[in-house]
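Sending over a structure as structure tokens; questions will come in a sec.
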Amino acid sequence: MYFFVDESGNTGQNLFDSAQPTLYYGVLGSRGNLDVIAEPLLKGLRQELGVKRIHANELGVGRLTPIAERIARFSKKNDLRFSLYRVSKPDHAIITFFDQVFDSGLNEALPWHHYWTPLRYVLLFKVAHLFDEDLAKQAWSARREQNSERCEEKLEKIYATLLERIGRLPDARSRELITGAIKWARANPKEISFGSSNYESTLQISPNLIGFQQVLQAIAMQSAAQKRPVHRITVDRQTEFNGAQAELAEWYRRLRGHKSDLGPGMPQADYSNMPETPPEFVPGNQSAGLELVDITLWLAKRMEDKKLISPELTALFWSQAKRGMTDEVSIKALDKRWRHIAHLPEPDKPLPAELTTALEEAEAKRRKVVSAL
């Protein structure tokens with residue numbers, strides 16, 4: 001299979017551009033190499049439009065509509081499949097803060113089952129409730145800080161603000177857990193290791209790399225579903241993140257064939273079908289496949305923003321998207337996925353003795369650690 005990857009809404013490390021709050025990745029999969037099989041069609045359409053490249057944002061709805069039916073017909077004939085992935089950039093700042101400060105493998109004041117089971121998401125929602133945009137900006141600034149002393153100074157202000165707001169949480173247990181975890185993190189900044197060690201590590205925590213993880217996982221899933229190997233992954237070239245994307249792809253390639261359990265009740269991390277072929281970074285004006293995914297991603301973003309498109313362009317979008325996939329990294333998406341936890345029935349029988357003992361030991365350890373702060 002051949003995959004073509006484009007992105008939209010990239011603001012680099014600035015997560016708080018109100019005009020572009022979401023980073024989008026579009027992935028177009030095909031059994032044939034679109035750079036070869038789509039080029040004759042696109043060559044004719046470019047000539048008809050009088051452009052060197054079909055760029056959706058430049059052409060707009062009016063000029064794209066007359067060519068939409070021909071692209072849709074080609075898409076159906078060649079079984080093109082478009083998938084869309086989103087990262088809410090402001091939410092990413094909060095999620096990365098939580099994952100570093102409240103990781104029970106680092107923070108001794110947080111019992112393991114509040115991070116390595118679905119209770120992790122309950123706690124995340126409670127912590128997120130204490131954030132506003134200004135505090136999220138402070139957290140992201142500290143996460144990117146390469147000077148450890150300045151990072152600790154920034155974190156101290158964030159911790160103080162969170163503790164001041166802890167009374168906003170309605171339940172005593174959440175207040176107890178979050179207060180203890182924050183006080184431990186404040187007392188042990190070296191253990192939390194919150195900041196970035198260098199520019200390269202800063203790139204690895206960017207929303208661009210979080211979104212690219214989704215892209216690689218989607219490619220692996222589609223390859224497995226169609227029982228076809230990945231021959232090529234073509235990514236629109238842009239200088240800032242391509243190196244980090246290549247490193248991530250290589251890391252995933254090395255995990256190929258492996259599965260790992262994230263914890264009781266958590267989804268399994270499955271790397272069985274991760275692509276072996278590395279991504280190739282190509283200028284958008286040198287790839288017919290990137291030209292096509294640019295159009296569909298532009299349409300997807302317009303539809304997300306509830307902007308009007310023509311019936312012909314709607315039909316083009318669904319000719320590719322109806323067999324594709326979508327996912328999102330955001331507080332809202334996590335809430336939708338895990339909201340059922342709040343409606344689980346009470347156990348109708350006692351917990352297994354082994355589990356009861358483990359939970360009691362974890363709580364006793366937490367109390368001991370917190371009492372020493």
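If residue 206 satisfies all but one of (1) modelled with pLDDT under 95; (2) open to solvent by less than 30 Å² (accessible area, probe 1.4 Å); (3) more than 30 Å from residue 256 (Cβ to Cβ), what's the number of the condition it fails?
Of (1) modelled with pLDDT under 95; (2) open to solvent by less than 30 Å² (accessible area, probe 1.4 Å); (3) more than 30 Å from residue 256 (Cβ to Cβ), only one is false for residue 206: (3).
Here is a further query. Six or more apart or on different chains, Cβ atoms under 6 Å: show the pairs whose first residue is in the stretch 267-282 and more than 20 Å from residue 225 (Cβ to Cβ) and whose second is open to solvent by less than 20 Å² (accessible area, probe 1.4 Å) and of a type in the set (S, T, N, Q).
Pairs that qualify, where the first residue is more than 20 Å from residue 225 (Cβ to Cβ) and the partner is open to solvent by less than 20 Å² (accessible area, probe 1.4 Å) and of a type in the set (S, T, N, Q), are 280/234; 281/242; 282/234.
Just to check your reading of the model, which residue among 118, 90 is more than 25 Å from residue 9 (Cα to Cα) and either under 19 Å from the mean Cα position of the chain (by Cα) or free of Cβ contacts under 8 Å to residues at least 60 places away in the same chain (or both)? First the steps, then the outcome.
Working: 90 fails: more than 25 Å from residue 9 (Cα to Cα).
Exactly one of 118, 90 is more than 25 Å from residue 9 (Cα to Cα) and either under 19 Å from the mean Cα position of the chain (by Cα) or free of Cβ contacts under 8 Å to residues at least 60 places away in the same chain (or both), namely 118.
Here's another thing I want to ask about it. Please go through the stretch 289-333 and pick out each residue that is at pLDDT 95 or above, among the hydroxyl-bearing types (Ser, Thr, Tyr) and surrounded by fewer than 20 Cβ atoms within 10 Å (Cβ to Cβ).
If the condition is that a residue be at pLDDT 95 or above, among the hydroxyl-bearing types (Ser, Thr, Tyr) and surrounded by fewer than 20 Cβ atoms within 10 Å (Cβ to Cβ), then 310, 314, 330 are the ones that fit.
For residue 139, all conditions in the list (1) touching a residue at least 60 places away in the same chain (Cβ under 8 Å); (2) outside any loop (DSSP other than H, G, I, E, B) hold save one; what is the number of the exception?
Here residue 139 meets the rest and fails (1).
I would also like to ask the following. I'm checking my understanding of the structure. Among residues of the stretch 74-87 that are of a type in the set (Lys, Arg) and in contact (Cβ under 8 Å) with a residue 12 or more places away in the chain, which one is farthest from residue 114 (Cα to Cα)? Please lay out each step first, then the result.
The first filter runs over the stretch 74-87 and keeps only residues of a type in the set (Lys, Arg), leaving 76-77, 81, 86.
Now restrict to residues that are in contact (Cβ under 8 Å) with a residue 12 or more places away in the chain: 76, 81, 86.
On the way: 76: 47, 81: 38, 86: 26 Å.
So, considering only residues that are of a type in the set (Lys, Arg) and in contact (Cβ under 8 Å) with a residue 12 or more places away in the chain, the one farthest from residue 114 (Cα to Cα) is 76.
Moving to a separate point now. Against the conditions (1) surrounded by 14 or more Cβ atoms within 10 Å (Cβ to Cβ); (2) in contact with an Asp or Glu (Cβ under 8 Å, 6 or more places away or on another chain), where does residue 222 fall short? Just the number, please.
Status for residue 222: all satisfied but (2).
Regarding the stretch 284-307, can at least one residue be identified that is of a type in the set (A, V, I, L, M) and not in a helix (DSSP H, G or I)?
Of all residues in the stretch 284-307, those of a type in the set (A, V, I, L, M) come to 288, 290, 292-293, 295, 297, 299-300, 303.
Pick out the ones that are also not in a helix (DSSP H, G or I) and you get none.
Within the stretch 284-307 (the criterion being of a type in the set (A, V, I, L, M) and not in a helix (DSSP H, G or I)), the answer is no, since none of the residues qualifies.
Say we look at the stretch 1-60 and pick out the residues that are of a type in the set (Lys, Arg) and part of a helix (DSSP H, G or I); which of these is least open to solvent (accessible area, probe 1.4 Å)?
Start the filter on the stretch 1-60 by keeping residues that are of a type in the set (Lys, Arg), which leaves 31, 43, 46, 52-53.
Applying the additional criterion that residues be part of a helix (DSSP H, G or I) yields 43, 46.
Values: 43: 115, 46: 32 Å².
The residue in question is 46.
Next up: Residues that are of a type outside the set (Ser, Thr, Tyr) and in contact with an Asp or Glu (Cβ under 8 Å, 6 or more places away or on another chain): does the stretch 93-104 have at least one? Even if it seems obvious, please write down each step before you answer.
First, the residues of the stretch 93-104 that are of a type outside the set (Ser, Thr, Tyr): 93-95, 97-103.
Applying the additional criterion that residues be in contact with an Asp or Glu (Cβ under 8 Å, 6 or more places away or on another chain) yields none.
Taking every residue of the stretch 93-104 in turn, none turns out to be of a type outside the set (Ser, Thr, Tyr) and in contact with an Asp or Glu (Cβ under 8 Å, 6 or more places away or on another chain).
Tell me the residue from 244, 249, 269 that is surrounded by 14 or more Cβ atoms within 10 Å (Cβ to Cβ), touching a strand residue (DSSP E or B) at 6+ places or on another chain (Cβ under 9 Å) and of a type in the set (A, V, I, L, M, F, W, C), please.
249
A further question follows. So which residues in the stretch 139-151 are closer than 17 Å to residue 185 by Cα and either surrounded by fewer than 18 Cβ atoms within 10 Å (Cβ to Cβ) or under 19 Å from the mean Cα position of the chain (by Cα) (or both)?
Result: 139, 140, 143, 148, 149, 150.
Could you tell me which of the residues 281, 194 is surrounded by fewer than 19 Cβ atoms within 10 Å (Cβ to Cβ) and either within 28 Å of residue 113 (Cα to Cα) or more than 16 Å from the chain's Cα centre (by Cα) (or both)?
Numbers: 194 fails: surrounded by fewer than 19 Cβ atoms within 10 Å (Cβ to Cβ).
Result of the check over 281, 194: 281.
If residue 239 satisfies every condition in (1) under 18 Å from residue 144 (Cα atoms); (2) open to solvent by 60 Å² or more (accessible area, probe 1.4 Å); (3) not small (Gly, Ala, Ser) but one, which is the exception?
Here residue 239 clears every test but (1).
Further question: Please work out which residue is surrounded by the fewest Cβ atoms within 10 Å (Cβ to Cβ), limiting yourself to the stretch 89-121 and to residues that are under 30 Å from residue 20 (Cα atoms) and among the aromatic types (Phe, Trp, Tyr).
Pass one, the stretch 89-121, residues under 30 Å from residue 20 (Cα atoms): 89-103, 120-121.
Filter once more, keeping what is among the aromatic types (Phe, Trp, Tyr): 97-98, 102, 121.
Details: 97: 25, 98: 22, 102: 23, 121: 18.
Out of the qualifying residues, it is 121.
Here's another thing I want to ask about it. Only one of 364, 353 is small (Gly, Ala, Ser), under 27 Å from residue 128 (Cα atoms), modelled with pLDDT under 95 and loosely packed, with under 15 Cβ neighbours inside 10 Å. Can you tell me which?
Working: 353 fails: under 27 Å from residue 128 (Cα atoms).
Being small (Gly, Ala, Ser), under 27 Å from residue 128 (Cα atoms), modelled with pLDDT under 95 and loosely packed, with under 15 Cβ neighbours inside 10 Å holds for just one of 364, 353, which is 364.
The values are calculated or read from the model by the stated rules, or taken from the named source; none is laboratory data. Since this is a predicted model, take the numbers as computed values, not measurements. Virtual Cβ from ideal backbone geometry, glycine too; neighbours counted across all protein chains shown. Surface areas here come from the heavy atoms of the whole protein model, side chains and all, with no ligands, DNA or RNA. Shrake-Rupley method; radii C 1.70, N 1.55, O 1.52, S 1.80 Å.
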